Structures are given as C-alpha cells and as structure tokens.
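Novice: One structure, as structure tokens, below. Some questions next.
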Amino acid sequence: MRAHCLLPARRPLAVLALLLPAMLVQAQPKAPPSTFGQVVGNAVLCLDQIDNKSFYSYLLTAFGPAYKHEGGAYWFRTEAVLWGAPVTDVIVSDDTSPLVFMGVVADSTPEKLEPAIRAVSGMRFDKLDYSAHPVRGSQPGSKIVYFRTKAKVYCAKYKPLPPLHTR
C-alpha cells in the first residue's frame, strides 16, 4: 500500500529524468554552417544589409531556437569562430526597436579583437570616445564594445521605410 502511495510522487521525477537529456541538448551550442563567416561576419561589420527576419530565419535553421529573447533581441548560442576568436552568442533584433541590428559576442576583448578584424578584413576601427572602455567604430558603421569581459561586435541601422504603396 505504501509503495502505491509513493508512485504518483515519483512520476514527475521520472518525467523530468526523461526530459532532462533533451533539455540539455537544446541548451548546447551547435556548430555553425560553412556560410557563417561570410553571412554573419559581413552583417556585423555592416558590409551587408541587415534584414532581421532573414537573419532570424538563418540563425533558427543553423542553431535551433533562440535560447533567450531580451533587450529587443533573440540570442542564439554557437561554437563559431570569427576573425580567429570564438563566438559564443549571435544576436538579431526583434521588431520592438526602431533599429535593426545583428551582433556577435566574442570570447575576446575589444583591444584584441580589433586588430584581428583588421588583419582579416582590412577594416579599421577608431576609438569614438575617451572612456576607460571606449567604443570603437568603423567607417561602414559597425561597433566593437565591451560586453562584460568579452567583446560585442554589431551593426545597427534604422529600419528602412516600407515601400510607398504600403505606407
């Protein structure tokens, strides 16, 4: 009789034990597609147009669902490498902001990442302020900033106007 009374209490634990491996697989970063460097790298350096719906679809297909949605962006976890630096996160804007943006969080500092980007792409970044952690900006408009102890590289632009016939 006692074992029967405990059975319902064990059922949620059994379900959790079955679901936990699936939850852990979803939380793990996925390897990037072969086009990652060109597609995402060019976008965050402002060398390509930013269409957040297209990039969201690309990232969803490449990495599965975003692991979080905050700050006006969808966050995707990855094990990619850009400019020789590991990329831990890729972010793409949602539609709550007047800006469309695409960014990556690199496991590096802005001081180390900026020369690496210049070596690969030839793009120069200038310090835009004189703070302890200055924002670095490129001619096309991309920025390198601190994100905690890491570097975030992003491109942000105002949303284009819709076609005339839809306004």
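Novice: Output the residue which, of all residues in segment 81-92 that are of a type in the set (A, V, I, L, M, F, W, C) and touching a Ser or Thr at 6+ places or on another chain (Cβ under 9 Å), is surrounded by the most Cβ atoms within 10 Å (Cβ to Cβ).
Specialist: Here the answer is VAL90.
Novice: I've got another one for you. Look through ARG136, ARG148 and report the one residue that is more than 25 Å from LEU59 (Cα to Cα) and over 14 Å from the mean Cα position of the chain (by Cα).
Specialist: ARG136
Novice: Which of the residues that make up segment 126-142 are in contact with a Cys (Cβ under 8 Å, 6 or more places away or on another chain) and either crowded, with 17+ Cβ neighbours inside 10 Å or of a type outside the set (Gly, Ala, Ser) (or both)?
Specialist: Scanning segment 126-142 gives SER138, PRO140, SER142.
Novice: Condition (residue is open to solvent by 20 Å² or more (accessible area, probe 1.4 Å), modelled with pLDDT of 95 or more and among the β-branched types (Val, Ile, Thr)) applied to segment 93-110: is it met by at least one residue?
Specialist: Yes, because at least one residue in segment 93-110 is open to solvent by 20 Å² or more (accessible area, probe 1.4 Å), modelled with pLDDT of 95 or more and among the β-branched types (Val, Ile, Thr).
Novice: Suppose the filter is on the phi > 0 side of the Ramachandran plot and in contact with a helix residue (DSSP H, G or I) (Cβ under 6 Å, 6 or more places away or on another chain); does GLY84 pass it?
Specialist: Yes; evaluated as a whole, the condition is true for this residue.
Novice: Here's something else I'd like to know. Take the conditions among the hydroxyl-bearing types (Ser, Thr, Tyr), open to solvent by less than 60 Å² (accessible area, probe 1.4 Å), modelled with pLDDT under 95 and farther than 21 Å from LYS159 by Cβ and apply them to THR78. Does it pass?
Specialist: yes
Novice: Additional query: Run LYS53 past the list (1) charged (D, E, K, R); (2) within 24 Å of PRO115 (Cα to Cα); (3) not in a strand (DSSP E or B) and report the number of the one that doesn't hold.
Specialist: (2)
Novice: Quick one: is VAL40 modelled with pLDDT of 95 or more, closer than 24 Å to PRO110 by Cβ, among the β-branched types (Val, Ile, Thr) and not in a strand (DSSP E or B)?
Specialist: Judged against the criteria, VAL40 is a match.
Novice: Answer yes if at least one residue in segment 7-26 is under 26 Å from THR149 (Cα atoms), over 14 Å from the mean Cα position of the chain (by Cα), at pLDDT below 95 and open to solvent by 70 Å² or more (accessible area, probe 1.4 Å), and no otherwise.
Specialist: Yes, that holds for at least one residue.
Novice: Could you please tell me which pairs satisfy a Cβ distance under 8 Å, a separation of 6+ or placement on different chains, a first residue in segment 92-111 that is in contact (Cβ under 8 Å) with a residue 40 or more places away in the chain and in a loop (DSSP other than H, G, I, E, B), and a second residue that is of a type in the set (A, V, I, L, M) and surrounded by 15 or more Cβ atoms within 10 Å (Cβ to Cβ)?
Specialist: ASP94/ALA73; ASP107/ALA85; ASP107/VAL87; SER108/ALA85; SER108/ALA116; SER108/ALA151; THR109/ALA151
Novice: Taking segment 111-145, which residues are at pLDDT below 95 and among the aromatic types (Phe, Trp, Tyr)?
Specialist: TYR130
The values are calculated or read from the model by the stated rules, or taken from the named source; none is laboratory data. Note that the structure is a prediction, hence the values are computed from the model and not measured. Virtual Cβ from ideal backbone geometry, glycine too; neighbours counted across all protein chains shown. Only protein heavy atoms, including side chains, enter the accessible area calculation; ligands, DNA and RNA are left aside. Shrake-Rupley method; radii C 1.70, N 1.55, O 1.52, S 1.80 Å.
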